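Data first, discussion second: the structure below is written as structure tokens.
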Amino acid sequence: MNNNQRPTALIMLFGATGDLANRKLYPSLYRLYKKGKITERFAVIGVARRPLTQEQFKSNIKDSVLSAIKDVDEAQLDTFVTHFTYHSHDVSNKSSYAELKALAEEMDAEYGLEGNRLFYLAMAPEFFGPITQHLKAEGLTDTNGYKRVIIEKPFGTDYETAEKLNNMIRASFEEEEIYRIDHYLGKEMVQNIEVIRFSNMMFEPLWNNRYISNIQITSSETLGVEERGRYYDKSGALKDMVQNHMLQMVALLAMEPPIKLTTDEVRSEKVRALRSLRNYSEEEVLKNFVRGQYGEGTVGDTVVADYRKEPMVDPNSNTETFVAGRLKFDNFRWAGVPFYIRTGKSMAAKSTKIVVQFKDIPMNLYYNPTEELSPNLLVIHIQPDEGVTLHLNVRKSGQKGLTTPIRLSYSNKSVDRMNTPEAYEKLMYDCMRGDATNFTHWDEVALSWKFVDSISKAWKEKSDTDFPNYKAGTMGPKKADDLLAEDGNEWWPIEDFDIETCS
């Protein structure tokens with residue numbers, strides 16, 4: 001379809017009473033409606049097991065939108081919710097799908113949706129395969145318009161389960177109809193990685209091992225596992241964050257320039273980058289990756305208990321709440337440049353940032369025996385701040401031959417004076433338009449699982465890790481610092497890189 005056209009679709013939202021739908025999806029759809037990106041020609045069938053009246057369902061949607069968005073036009077919201085209807089559904093019941101099909105045909109005719117259908121599976125992963133199989137078997141995918149399915153993470157628990165799940169879904173949908181969502185790919189500054197690299201002459205010629213010393217990616221959270229203990233204790237930071245979000249950012253930073261900015265070309269280069277990522281042996285994993293689990297500590301003014309004392313967590317759990325790693329690429333561009341990643345819970349600061357550290361100049365004409373010349377840094381602020389900071393050296397005022405570091409900053413919030421669009425808003429709109437660029441292809445999922453599985457296997461073989469090994473409210477275990485010290489590097493103090501303080 002023409003990308004300038006406003007898309008039309010019947011959205012069947014499985015998991016319509018869940019947390020994701022209420023916190024993200026309904027407000028995102030309302031923003032699209034308010035901005036005129038979707039017209040009156042859209043409809044949503046909310047699908048869930050819970051029995052609800054139509055009035056209760058629509059009231060829930062209103063509450064969801066009002067709690068997430070301040071400047072809501074109540075009359076517009078009333079019109080918005082008329083596009084929603086509810087279907088109490090048993091995902092294993094054949095007759096329930098027949099009822100859903102009849103309702104879909106009714107909504108399609110009422111709103112002139114041209115047979116365009118988007119199935120959003122915001123449910124537990126064990127339902128992904130059965131639902132997609134029933135959708136095909138009961139004729140819901142037989143339509144004159146497009147059919148697409150959005151799959152939430154986790155997409156499998158390892159390569160084997162991911163492949164099995166993919167085969168099940170592929171029995172009902174073609175690869176180009178499957179939209180595996182990673183909400184990090186909808187974030188403004190993650191999408192800006194490509195723009196920064198490929199639209200600035202000052203960066204792309206330097207984006208290689210001749211000029212870059214190392215790249216650091218940190219995604220830290222101050223929150224613990226909270227009520228997610230049952231899920232998280234089976235997953236851990238490696239599968240919850242590294243396999244998807246972290247490796248996607250790594251791929252965008254490491255990829256070669258695509259021939260053009262089409263879905264196939266961008267995905268092809270990301271896959272190529274992931275293929276060149278070095279897969280470690282068990283011994284190499286233990287040298288290049290560090291795992292941690294938080295113990296009692298203080299985050300802000302809040303005292304945090306040991307992870308093992310969190311609700312629904314095994315008191316003897318060896319699940320990691322922190323991962324740091326040194327990634328290496330076996331290709332011409334990045335040979336010898338370490339990519340450092342770290343992510344964890346109950347840490348000192350909530351922050352997702354990328355720090356690109358450039359190499360020192362060969363000869364320092366401004367040598368100061370009391371102070372080293374600061375390296376040039378490019379900092380990409382992903383969240384909670386969004387923007388870019390460039391660290392440069394300039395002459396120190398009134399001091400001949402001495403330098404001082406300065407920061408040149410761009411902040412989305414300060415320039416636009418408003419929050420940038422929610423990631424889910426962008427991704428849902430992209431899916432309705434048929435743009436899969438910022439969704440993950442199966443080849444990306446497969447390669448990332450194979451990489452992560454080798455780490456999981458090595459850690460499973462070595463089960464004598466002493467947990468907890470970092471206090472809540474810190475930036476992780478000391479071994480994560482030692483990992484960089486082996487290369488003569490150190491983590492940049494992310495908690496001090498707040499974009500609002502940059503001069």
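The values are calculated or read from the model by the stated rules, or taken from the named source; none is laboratory data. Small disclaimer: the values here were computed from a predicted structure and weren't measured. Note that we place each Cβ from the backbone using ideal geometry, even for glycine, and neighbour counts take in every protein chain shown.
Pairs meeting the criteria (first residue in segment 148-165 and free of Cβ contacts under 8 Å to residues at least 24 places away in the same chain, second residue of a type in the set (D, E, K, R) and not in a loop (DSSP other than H, G, I, E, B), beta carbons under 9 Å, at least 6 apart or on different chains) are Glu160/Asp453. On inspection, Lys478 qualifies as over 16 Å from Phe339 (Cα atoms) and without any contact (Cβ under 8 Å) to a residue 24 or more places away in the chain.
Residue-wise test of (1) of a type in the set (Lys, Arg); (2) more than 16 Å from Thr343 (Cβ to Cβ).
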| residue | (1), (2) |
| --- | --- |
| Val190 | no, no |
| Ser199 | no, yes |
| Tyr231 | no, yes |
| Lys234 | yes, yes |
| Lys239 | yes, no |
| Val242 | no, no |
| Met249 | no, no |
| Ile259 | no, yes |
| Thr263 | no, yes |
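Residue count for segment 54-77 satisfying the condition of being of a type in the set (D, E, K, R) and modelled with pLDDT of 95 or more: 4.
From the list Thr321, Thr343, Thr302, Thr352, the lone residue that is hydroxyl-bearing (Ser, Thr, Tyr) and surrounded by fewer than 23 Cβ atoms within 10 Å (Cβ to Cβ) is Thr302. The condition of being free of Cβ contacts under 8 Å to residues at least 40 places away in the same chain, among the acidic types (Asp, Glu) and not assigned by TED's automatic domain parsing to the domain that holds Leu118 does not hold for Glu175.
Yes or no: segment 260-277 includes at least one residue that is in the same structural domain as Met241 (by TED's automatic domain parsing) and more than 24 Å from the chain's Cα centre (by Cα).
No, because not a single residue in segment 260-277 is in the same structural domain as Met241 (by TED's automatic domain parsing) and more than 24 Å from the chain's Cα centre (by Cα).
For Tyr26, the conditions (1) part of a helix (DSSP H, G or I); (2) in contact with a Pro (Cβ under 9 Å, 6 or more places away or on another chain); (3) not charged (D, E, K, R) all hold with the exception of (2).
Exactly one residue among Leu365, Leu390 is loosely packed, with under 15 Cβ neighbours inside 10 Å and of a type in the set (A, V, I, L, M, F, W, C), and that residue is Leu365.
Restricting attention to segment 254-276, and to residues there that are buried (at least 20 other Cβ atoms within 10 Å of the Cβ) and touching a helix residue (DSSP H, G or I) at 6+ places or on another chain (Cβ under 6 Å), which single residue is nearest to Val355 (Cα to Cα)? So, considering only residues that are buried (at least 20 other Cβ atoms within 10 Å of the Cβ) and touching a helix residue (DSSP H, G or I) at 6+ places or on another chain (Cβ under 6 Å), the one nearest to Val355 (Cα to Cα) is Ala254.
With the structure loaded, tell me whether Val290 is under 15 Å from Gly325 (Cα atoms), touching a Leu at 6+ places or on another chain (Cβ under 8 Å) and not in a helix (DSSP H, G or I) or whether it fails that test. Yes, satisfied. Consider segment 324-340. How many of its residues are closer than 21 Å to Lys479 by Cα and crowded, with 20+ Cβ neighbours inside 10 Å? Residues meeting the conditions: 8. The set of residues in segment 55-64 that are surrounded by fewer than 19 Cβ atoms within 10 Å (Cβ to Cβ) and aromatic (Phe, Trp, Tyr) is empty.
Of all the numbered requirements in (1) surrounded by fewer than 22 Cβ atoms within 10 Å (Cβ to Cβ); (2) closer than 18 Å to Ala349 by Cα; (3) out of contact with any helix residue (DSSP H, G or I) (no Cβ under 9 Å at 6 or more places or on another chain); (4) in contact (Cβ under 8 Å) with a residue 60 or more places away in the chain, Arg308 misses one, and that requirement is (2). Tell me, yes or no, whether segment 280-289 has at least one residue that is at pLDDT below 95, in the same structural domain as Glu204 (by TED's automatic domain parsing) and among the basic types (Lys, Arg). No; the residues of segment 280-289 include none that is at pLDDT below 95, in the same structural domain as Glu204 (by TED's automatic domain parsing) and among the basic types (Lys, Arg).
Does at least one position in segment 269-282 carry a residue that is of a type in the set (Asp, Glu), assigned to a helix (DSSP H, G or I) and closer than 21 Å to Ala458 by Cα? Yes, segment 269-282 contains at least one residue that is of a type in the set (Asp, Glu), assigned to a helix (DSSP H, G or I) and closer than 21 Å to Ala458 by Cα.
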